[in-house]
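For reference, the structure is listed below as structure tokens.
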Amino acid sequence: MHIFLQLVASGVAVGMIYAAIAFGYQLTFATSKTLNFGQGEALMLGALFGLTLVPFTGYWLMLPLVLVFGFALGALVERLGVRPAVKIKSEYGWIMATIALGIIFKNVAENIWGRDDLKFPSPLPEAALTFGGVRVLPMELLVVAGALLMMLAVELFNRRSIWGKAVVATSNDIDAAGLMGINTRKVITLSYAISAMTAAFAGVLVAPVTLTGATMGSVLALKAFAVAIIGGLESGLGVIVGGLILGVAETLTGFYISTGYKDVPGLILLLLVLAVRPVGLFGKAVIKKV
């Protein structure tokens, strides 16, 4: 039983990273019905940028600088890759543009930081804590707490700030929001900026647990996309539940069956959701008016 609980605890930490990245997908889809397929590269750049700052600032003072970096990066992606495609109403232009920008960011990272994976210093002790026989790394607890606090902060921003309410209004009906005087272009830019900021933050959260390198974001972003589809692209709760399901399923499968099959349960669940409930477990079906 201890082994099972140990695997669940590890899966929760992994799942919350997926959820944090998937939360970024949810933010941009809500306002513009578009996604940043360079979300993994935003995570990677956030981690590498943080790694560069850590020797000078320490881990905790580095965090706000990484948030600002991620915010600016997301705004840049929206202005260069998404807005031109949306302006001409290209259905697929933003997909290729965000993928292209992601590849460019990856190449830039390889030239600046190299292709080898780098160790990110942990701000917390590396000795595991024990809770009822379950060993948990302090950094894993920080990953879970940090991801939840980040999502809570964004939710409070949306509910309490004037810009957040503009984001909610644009998410509900972009045309009506525009008629009410809301600058929906700026709102979409803001949603991309916050989305990349959450990815960059997730990068410096997960980096001390894993290795840091130019390829670290690709697989995480792909699995986070699966999480967003499973949970529902328009549901914050859905991405959390989807992340936990995928993270726990991976660790259980990796231990009880084989690490070679650890990705299979999540992909099967993804296929089932797409076949039975395409809007996701917590998504709401939209009825188009004709």
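A few comments on the model shown:
- Solvent-accessible area, 1.4 Å probe, carbon plus sulfur percent, for the chain: 70 percent
- For LYS119, the lysines whose Cα comes closer than 22 Å to its Cα, not counting residues fewer than 8 places off in the same chain, are LYS106.
- Diffusion constant of the range 72-141 at 20 °C, which comes from Stokes-Einstein with the Kirkwood Cα-pair radius and 1.002 mPa s, µm²/s: 136 µm²/s
- Projection of the Cα convex hull of the range 157-290, averaged over all directions and equal to a quarter of that hull's surface, yields 10.7 nm².
- Where GluC sites (Glu not before Pro) fall in DSSP loop in the range 118-221, at most 15 other Cβ within 10 Å: GLU126
- Of LYS33/LYS223; LYS33/LYS262; LYS89/LYS186; LYS165/LYS223; LYS33/LYS186; LYS87/LYS165, those spanning more than 26 Å from alpha-carbon to alpha-carbon: LYS33/LYS262; LYS165/LYS223
- Cα gyration tensor category, rounded, prolate or oblate, for the range 1-57 with a/c compared to 1.5: oblate
- Backbone geometry of the range 4-10 corresponds, through the Karplus equation with coefficients 6.51, -1.76 and 1.60 at θ = phi - 60°, to 3J(HN,Hα) couplings of 4, 5, 4, 5, 5, 4, 5 Hz, x marking Gly and Pro.
- Global form of the range 24-148, assessed from the alpha-carbon gyration tensor, a/c cut-off 1.5: prolate
- Applying the criteria of a DSSP loop state and at most 10 other Cβ atoms within 10 Å to the chymotrypsin sites (Phe, Trp or Tyr not before Pro) of the range 60-123 yields TYR92.
- Protein-only accessible surface order, largest first, of VAL12, VAL68, VAL239 at 1.4 Å: VAL68, VAL12, VAL239
- Working ranking of peptides 271-282, 14-25 by packing, defined as the average number of other Cβ atoms within 10 Å per residue, highest first, is 14-25, 271-282.
- Note on the chain: with a GNM built from Cα contacts shorter than 10 Å, the maximum mean-square fluctuation among LEU73, LEU149, LEU118 falls on LEU149.
- Volume of the convex hull of the chain (Cα atoms only), normalised per residue: 140 Å³.
- Prolate/oblate/rounded call for the range 75-232, Cα gyration tensor, a/c under 1.5 rounded: oblate
- J(HN,Hα) series, the range 97-105, from Karplus relation 6.51 cos²θ - 1.76 cosθ + 1.60, nearest Hz, glycine and proline x: 5, 6, 5, 4, 5, x, 5, 4, 4
- When every Cα-Cα distance of the range 133-214 is counted in 10 angstrom steps from zero, the calculated P(r) takes the values 16, 37, 24, 16, 6, 1 percent.
- DSSP loop trypsin sites (Lys or Arg not before Pro) with at most 11 other Cβ within 10 Å: longest gap in the chain: 116-283
- For the chain: relative contact order, % (alpha-carbon pairs under 8 angstrom, 6 or more apart): 37 percent
The values are calculated or read from the model by the stated rules, or taken from the named source; none is laboratory data. Please read all numbers here as calculations on a predicted model, not as lab measurements. Virtual Cβ from ideal backbone geometry, glycine too; neighbours counted across all protein chains shown. Accessible surface areas use protein heavy atoms only, side chains included; no ligands, DNA or RNA. Shrake-Rupley method; radii C 1.70, N 1.55, O 1.52, S 1.80 Å.
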